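*Asks:* Would you mind keeping the following structure in view while I ask a few things?
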Amino acid sequence: MQTKRILYAPAGGGVAIITPGLAALKFATIEQIATKDVPTGMPYWIVDASAIPADRTFRAAWELPVDMPDPDGYGSDSSVFPEEVLS
């Protein structure tokens, strides 16, 4: 079971959560997946799944905490994996 999640704050507000699939994690790191899947220039954070509230009742109102550490990276301008990841 994948225990990490990718978080970012989409332009429209709220919090986007990416759960990488196990198939993708067989050939790419979670950082490579985040860089590919997070929108261009958006900061992202990789967190433990346990940091995500289990109660989804007010999920549309979720926001990233203001005291988030420095991001783990930023989304790239490409939505494909680099060639070295796929070979």
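We did not get these values from a lab; they are worked out from the coordinates using the rules stated. No experiment lies behind these values; they were computed from the predicted model shown. Glycine gets a Cβ as well: all are built from the backbone with ideal geometry, and neighbour counts include every protein chain shown.
*Asks:* Give me the pairs, please: first residue somewhere in the stretch 63-76 and under 17 Å from Ala34 (Cα atoms), second residue anywhere and outside any loop (DSSP other than H, G, I, E, B) and among the acidic types (Asp, Glu), beta-carbon distance under 8 Å, and either six or more positions apart or on two chains.
*Replies:* These pairs meet every condition: Asp72/Glu31; Gly73/Glu31; Gly75/Asp37.
*Asks:* Filter the stretch 55-73 down to the residues that are surrounded by 15 or more Cβ atoms within 10 Å (Cβ to Cβ) and more than 12 Å from Ala16 (Cβ to Cβ) and list them by number.
*Replies:* Pro71, Asp72, Gly73, listed by residue number.
*Asks:* If you don't mind, there's one more thing I want to ask. Among the listed residues Ile52, Ile17, Ile46, Ile30, which satisfies the condition of being among the hydrophobic types (A, V, I, L, M, F, W, C), in contact with a Pro (Cβ under 6 Å, 6 or more places away or on another chain) and surrounded by 10 or more Cβ atoms within 10 Å (Cβ to Cβ)? Write out each step before concluding.
*Replies:* Values: Ile52 fails: in contact with a Pro (Cβ under 6 Å, 6 or more places away or on another chain); Ile17 fails: in contact with a Pro (Cβ under 6 Å, 6 or more places away or on another chain); Ile46 fails: in contact with a Pro (Cβ under 6 Å, 6 or more places away or on another chain).
Exactly one residue qualifies, and that residue is Ile30.
*Asks:* Return the total of residues in the stretch 1-57 being touching a Gly at 6+ places or on another chain (Cβ under 7 Å) and assigned to a helix (DSSP H, G or I).
*Replies:* So the answer is 3.
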